[in-house]
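Notes to accompany the following structure.
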Amino acid sequence: MEESHNPNSHERLKSWSELPSDLLISLLERLSFTDFRRAKSVCRSWYSASRQCVPKNNNIPWLLLFPEDNNSCCTLFNPEEKDKLYRTQYLDLVLPRIFCLKTCGSWLLMRNRSSNLYLVNLFTKERINLPPVESQVGTTKLERTVVGFRITCPDGSKPGKPMHIRSPVVWIDEKTKDYLVSWGLGTCCVVYSKKGDNSWTQVPEALDCCDMVYKDHKLYFCSYSRDLRIYDFSGEAPREIFWCRCVYVERFAYDGGGPRRPHVTNRKRLVVTKLVVTVTGDVLKVETYLRPKSRIWSFRLFKVCSSGDFKRVHSLGDESMLLALGITVLANNYEGIRRNSIYFNASHNITSDIFLFNLETRKMEQLHKFDCSSDQLSGNRWFLPSFTQAVVA
Amino acid sequence: MSKIIVLKCVGHNPKDFELDEAVAVQFGCIKDLFHSDFDAESKIVVDVPMKFNSYIIGRILEFCSSRASFSSDRAYWEQDFFHPCREPNQRKRKELIAIMEASEYLGMESLVELTTQSLANYLKGKNPLTIRSLWKVEGDLTAEEEAKALAMGVAKLGH
């Protein structure tokens, strides 16, 4: 490099690779997970400095994209690096999208064809089997029959409705493998299972589950019968810490055509109601609306107050909502996530399209056009991968 | 009657900077001197190492006097001082690094913090190739080593 006739130049650095290592370390430690990874591959001195840094873990939500064909691996999308796609290493890890119920960190809550649940780690393939669903502790009985399941209510009646696993939630500690999985057993009750349990324990007061979110060891539950309950799971048994009666929660209407619905109007229709817990622990009720013909989606947010009233919320401020995960994140921490927006799937059907609804403009935008003509994508799940086990030293 | 500290810069453009108390206390290495017992009239001379020239020290003092004056425009001024909104050219980057080192030497934690954060911001969102070309760093890792550095346990699909 041509040195200008600058008498100071001998005192100055010739290039960034000569930065003193303690300052370089302090610099690298401020970078996000993705930026850190890119910076350490710049040159040898930066690489060796990076090895002295406190290891960074990923905390931006990624998208897990499922292949249409169950024999291919999953694709991973990082919103901070929109021009790249990653692929999982294990080809023999079969992960059909329709059986992936929920995610927690790098773990997926899966359901197999006999409706039994298990947890699997996307990167290490480690698997934790959960108790068979018919192993229930409580007054509602579940029996497995040739054709499916039969539910017997506490009062002895046998509802004809099929056994649904409603709004499953999962939490797992990546280090200790302590976990909690919970779901609504049809209209009857909510069940949960923790590490060490051989069966599913019932929570009988939580009836007719509409949606649930599990965050910070608390289970947030809302039902179609207008109950909102919060349970504290940090102790041995769940403890109800909040209950209120809310405004009517409209039932989910199936988005089907058919003889009973010959005309599809373009009137705004409530499609689904979901529960979301914000970064600060506020509980939001989110109503999703769709104009069927034009396929335009919109949202209404309500904050649940302790009195049971709902207050309309028009902005998420610096937060961003991941509707499928039931949480908000602070958008300022991430480059690829827009603030004051709701990230959602534009269809219940098999699709890979994620859209965001910008709460300021009240318009829909597509997150990213996945240009994968060869690998058809059959759907997606948000997840928060932790790369600590996967990082090559 | 207040004590005076003199920063003596040697090198290309030797200059002595006189600091009053309000400014000098911001330097961690100097503020102890105020507590020691010495004659109020005398001056204390601090020799600054050769690699920190007077221009850099001058910039730092500009920063300190603005801080000391608690002006309301401070945040705006600070942003301007570190020009984070524009991609800085080579000279400005070197200046930033020099300020970072000098403030580390002088014990000004807040300034070290600000400069390091500004520099980190310049690295955000950039891939290694861009970083190398912008800042004239030679990529001396082998292809294998580079792949290892970028690896996360997942293979890359496409480019």
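The values are calculated or read from the model by the stated rules, or taken from the named source; none is laboratory data. Being a predicted model, the structure only gives us computed values, none of them experimental. We place every Cβ from the backbone using ideal geometry, glycine too, and count neighbours over all the protein chains shown. Each accessible area value is taken on the protein alone, full model and side chains, heavy atoms only, with ligands, DNA and RNA left out. Shrake-Rupley method; radii C 1.70, N 1.55, O 1.52, S 1.80 Å.
Given a 1.4 Å probe and the protein chains all in place, what does the accessible area of A:His314 round to, in Å² to the nearest 10?
The value for A:His314 is about 110 Å².
Counting residues in region A:105-181 as N, plug N into 2.2 N^0.38 Å and put the Cα Rg over that result.
Cα-based Rg divided by the globular estimate yields 1.29.
Along Cα→Cβ, 7 Å out, is where each label goes; now give me the distance between the ones at A:Glu360 and B:Tyr105 in nm to one decimal.
Result for the modelled spin labels: 4.4 nm.
Hey, if we sort A:Arg30, A:Arg267 by accessible area with the 1.4 Å probe, largest down, what's the order?
I get A:Arg267, A:Arg30, largest accessible area first.
Tell me the label-point distance for the pair A:His217, B:Lys15, using the 7 Å Cα-to-Cβ offset, in nm and rounded to one decimal.
The modelled label-to-label distance comes out at 5.8 nm.
Rounded to the nearest 100 Å², what is the sum over both chains of accessible area buried where A meets B, with a probe of 1.4 Å?
Rounded to the nearest hundred, the buried surface is 4400 Å².
Residues with amide H under 5 Å of A:Lys195's amide H, sequence separation 5 or more or different chain, H placed in the peptide plane at 1.01 Å from N; which?
It is A:Tyr179, by chain and number.
Rank B:Arg91, A:Arg87, A:Arg166 by accessible area, highest first, at a 1.4 Å probe radius?
Most to least solvent-accessible, the answer reads B:Arg91, A:Arg87, A:Arg166.
State to the nearest 20 debye the size of the charge dipole of region A:17-56 about its Cα centre, where the only charges are +1 on K and R beta carbons and -1 on D and E beta carbons.
220 debye
With Cβ to Cβ distances under 14 Å as the rule, what net charge do the other residues near A:Phe357 carry (K, R +1; D, E -1)?
+4
Below 10 angstrom from the Cβ of A:Ala324, what's the summed charge of the other residues (Lys, Arg +1; Asp, Glu -1)?
Here the charged neighbours net out to +3.
From other protein chains only, count the Cβ atoms within 10 Å of every residue's Cβ in B:113-119, then give the mean.
Counting Cβ atoms of other protein chains within 10 Å of each residue's Cβ and averaging gives 3.
My understanding is that a pair violates if its Cα-Cα distance is over 20 Å; which of A:Lys274/A:Lys303; A:Lys215/B:Lys124; A:Lys175/A:Lys195; A:Lys215/A:Lys303; A:Lys215/A:Lys285; A:Lys102/A:Lys215 do that in this structure?
Long pairs (Cα-Cα over 20 Å): A:Lys215/B:Lys124.
What Kirkwood radius, in Å to one decimal, follows from the Cα pairs of region A:17-56?
9.7 Å
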